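Some notes on the structure that comes next.
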């Protein structure tokens, strides 16, 4: 499980965009978005960098990462 601190998310469209972008590189990924706290938790076989790039590609900025 990797948790990203993400800036720029404010609505359900943001949730869908981030989720879709991550699931494009890993269709089996489990994605949980916490809009209130600006966090995206991802359970995926992809690398942390690949997941960060997917979030960036969706138009959001990753400002921190924590792996669990």
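Values quoted throughout were computed directly from the atomic coordinates according to the rules given, and no laboratory measurement underlies them. All values derive from a computational prediction rather than experimental measurement. FYI the Cβ positions are ideal-geometry reconstructions off the backbone, even for glycines, and counts take in every protein chain you see.
Remarks
- Restricting segment 30-66 to residues that are in contact with a strand residue (DSSP E or B) (Cβ under 6 Å, 6 or more places away or on another chain) and not in a strand (DSSP E or B), the residue that is nearest to residue 5 (Cα to Cα): 38
- Residues of segment 3-27 that turn out to be over 9 Å from residue 55 (Cα atoms) and in a helix (DSSP H, G or I), as a count: 9
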